[in-house]
Structures are given as C-alpha cells and as structure tokens.
Amino acid sequence: MREWLRMLSLNPERETSVSNNSSGNFSGFTQTKSAADNFFNSAYSKIKNTLRKNQGEYDFSHEVYDSMAGCLVCKACVTQCPVHVNVPEFRSKFLNLYHSRYLRPLKDYLVGSTETIGRLFSNIPRPVNVFLNSRLNRNLLKHKVGLRDFPLYSPESVRQRLLQVNAAEFDLDKLNSLSQEELERSVILVQDAFTSFYESQLVLEFYELLRKLNYTVYVAPFHPNGKPLHVKGFLAKFRKVAEKNAKWLSHIARCGIPMVGLDPSVVLTYRDEYLHILGEKELPFKVMLPQEFLSLNSAKHIKYALAETDKLQDYQLLGHCTEKTDAQLSQEQWKEVFNKFGLSLNLIPAGCCGMAGTYGHETEHYAESRGIYDLSWSDKIPQDPFLRQNILTTGFSCRSQVKRFEGFRPLHPLQVLLREIKSAS
C-alpha cells in the first residue's frame, strides 16, 4: 500500500493506476475527484480498462488489489499494531478508488446487496432456499460467480415469530410517553441482517431471555446497517445508508430506552465505520452488545442466579475476532455475566475462525479460510457430542464456519443463559 501511494503521488492524472514510468505530483489518497475524473467513471472507460487488464496490461494497482483481497477485516491490526494501522479502512478506500477505473466482479454486488436482497428473500424463505440448495445453482454460484456455501434463510421471519408471541408493538409515540419506571425496565432490540434473516430463532430467544429477566422488549423494524457495502468498498452507497440509519437510530435514542444489537460485526460498525464515513467523533446514540447491556444491569439479575446444584458443566467461549479487537472488554464481560447467573465460562484463546464475514464464502479464499480455521479453531472443538453443547460463540460467521467444517452449529451465549434459567425454573 505504501508503494502504491508513493507511485500514485508521482502520477496524479491516473488516480488508481500506476506504472513504472510515472512522473508528476499528487495531493493525496483521498483527494476530491476533479471534473476530468467523470470520464473514468463511465461504463465505457471501465470496460476498456478491464479489457486491457484481462489482456495483461501492467498496473501496480492490480498487485495491491490482490494483496487487499487477503484482508480478513478482523481489525486485529488496529489493536495489535503499535501505530494502530487500520487496514480494513484504507482497504475500503482503495477498493472504492480502484473500481472507479475497473469493473467490479458480480460477487461484490451480491455481497453488497446482502441487506436489501435479504430483506425481501427472508419473507419468502422456502422458494429461495430451494433455489440455493439446488446443485446446479450451487455450482453456478461457486464456479461462475465465485461465492459458495450460502446460508439458508430462516423458515420463519422475525416478524412472524414476534406475532406468534404477541410481542409489544414498536410505536415511537408510545415509547416517548413511557413513565420513568417503565423506561428502566424496557429495552430495544436493533436487528441486523445476519441474525434476523438467517437465525431468526436466536432473535426470539434473546427476546424471551429479556422477558424472563422482567424487561419489556421492543424489536425495532429492520434498517440496513451498510456493513457489507463498506467491506466491498461501496463507500458512496455506504455513506447514504449510514446517514439514513444514523438519523433513524438517533430518533429512537431520544426516547431514552437502551438499544442492543446481536451480531458483533454489525453493532461495532456504529463505533468505527460510521464515525469515519460521517466524520464524527461521537454519535448521538449507542447500540450496546448483549453482554454490555447485561453486565451494566447485572444487579437486577442476581435473583435469577442458579443454585450450585442447578449448574451444568463449564462452558467454553470462542470469541468473535472483531468483537475482541473493537470491544476489548467484551470477553471478560461475558464471563462476568455468566458469573452473575451462577455459571462458569472459560475464555478460549483463538484467532480468527477464517469465515471473516464474506471472506470464507468466496470461492478463491476457501482453502485459506479452511487453513485459518485449522490454525486455531479446529483443535478447540471437541469430538464428543456431549461436550460440543458447551462450545459457544457470538459471531454469526463463526457459527457458520463451525457448522461448515464440524457439522454442528455452536450456541450463542444468550441461548445458554435462556436454557439454564428455564431449566432451573
């Protein structure tokens, strides 16, 4: 990346394209596009440049592109690097600039549209799952599009499941009129595409757990977060989504009810990517991780602690890599929450599972994804089916990776808390 920036600074007129004979000056990586750059944004220009690329025309940017493709977007670099280099952030900026000159692969558009397409498909899961399960379509996606092992949509949407349990209606006018006592025992669940579309049962189990803890739970309507767009460098679209969603969440936050989200990678987008794209130091709202909310209110939960005779075996937590790097207290908070409920939780040291969001779903990265999994996760998974029920993980991608290579789906810590409380009651 440094070499690309150096070469680019000597060749301002080509923006993302640099060669060995460049000369001139450049004002910076994130400079505002000039009027002349509009030409390079045209479809004709991208097609022409891509054809030249396919014919072997050299451009050092292609080497940078291949290097950036190996980024897991786990953000370990941000905390482990002494100068806190944020590779995922400048990776997104690079991809945004690179694809202003070259065509994007189809898989980027499919990944980027995960939230918009998923909102539609999650309401018609049966025909969509039949399509995704078809051997012909799986092979087509795997070999022609470059994506594999698509997760299947939940048989019932979050909305359908909420109707079945007569969940409280999400009405902002009513929420703004709640008394102080009602506010103190209320919580808002902020949906994300991964758990809502592919694990709607988990959303309802979190809902049930909070109800067991005597909270009134309001599930906010789904709004795109934009995380997939950022990962693939659709920065203009990501900005629009972030602006719209930030406005929506700020509006909700005014009612004074805590907001909690399930998937770590999505929740933590509000604390990192949103701040960068919106140019803010702090947002007027906060979406908490489940363990942050539960540990913050742990004094209220002591009465639900299990007796010594009710405890099952120790649980093992394999943490989500982004959660461990962007919220460094998150794993200890899970341990604290389990302790408050009278349960034992061991934190298992492990690196990235290798799925890393969409990385492991890309055909070109399958071998690397498996290799990364084998490095630090494979030997942490017991072969005994009885012991496997004690393996927990918080990330949707982590659960999907274990399911892919081990044949079972680990539980989320919230599912265990609910199970334990129900079994003791």
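The values are calculated or read from the model by the stated rules, or taken from the named source; none is laboratory data. Since the structure is predicted, the reported quantities are computational estimates derived from the model, not experimental observations. Glycine also receives a Cβ, built like all others from the backbone with ideal geometry; neighbour counts cover every protein chain displayed.
Among the residues of the range 211-219, is there at least one that is among the aliphatic types (A, V, I, L, M), modelled with pLDDT under 95 and outside the structural domain of LEU392 (by TED's automatic domain parsing)? Steps first, answer last, please.
Initially, the range 211-219 is screened for residues among the aliphatic types (A, V, I, L, M), giving 213, 217, 219.
Subset that is modelled with pLDDT under 95: 213.
Checking which are outside the structural domain of LEU392 (by TED's automatic domain parsing) leaves us with 213.
For the range 211-219, residues among the aliphatic types (A, V, I, L, M), modelled with pLDDT under 95 and outside the structural domain of LEU392 (by TED's automatic domain parsing): present.
At least 1 residues being more than 29 Å from SER400 (Cα to Cα) is the threshold, and among the helices (runs of 4 or more DSSP H) wholly inside the range 192-292 those reaching it are 235-253, 273-278.
SER298 meets each of the listed conditions (1) under 30 Å from GLN164 (Cα atoms); (2) free of Cβ contacts under 8 Å to residues at least 12 places away in the same chain; (3) out of contact with any Leu (no Cβ under 9 Å at 6 or more places or on another chain) apart from (2). Being closer than 24 Å to MET355 by Cα, surrounded by fewer than 17 Cβ atoms within 10 Å (Cβ to Cβ) and at pLDDT below 95 holds for only one residue in ASN133, ASN123, ASN166, and it is ASN133. Scanning the range 242-258 for residues that are touching a residue at least 60 places away in the same chain (Cβ under 8 Å) and either under 17 Å from GLU115 (Cα atoms) or of a type in the set (Ser, Thr, Tyr) (or both) turns up nothing. Within the range 336-373, which residues are assigned to a helix (DSSP H, G or I) and surrounded by fewer than 20 Cβ atoms within 10 Å (Cβ to Cβ)? Once the filter is applied, which keeps residues that are assigned to a helix (DSSP H, G or I) and surrounded by fewer than 20 Cβ atoms within 10 Å (Cβ to Cβ), the range 336-373 yields GLU336, ASN339, LYS340, THR363, GLU364, TYR366, ALA367, GLU368, ARG370, GLY371. Contact annotation: residue pairs with Cβ atoms under 9 Å, 6 or more positions apart or on different chains, pairing a residue in the range 131-150 that is basic (Lys, Arg) with a partner that is outside any helix (DSSP H, G or I), are ARG138/ARG148; ARG138/ASP149; ARG138/PHE150; LYS142/ARG148; LYS142/ASP149; ARG148/GLU362. Find the residue count for the range 208-241, including only residues that are touching a residue at least 12 places away in the same chain (Cβ under 8 Å) and within 30 Å of LEU103 (Cα to Cα). Residues in the range 208-241 being touching a residue at least 12 places away in the same chain (Cβ under 8 Å) and within 30 Å of LEU103 (Cα to Cα): 18 in total.
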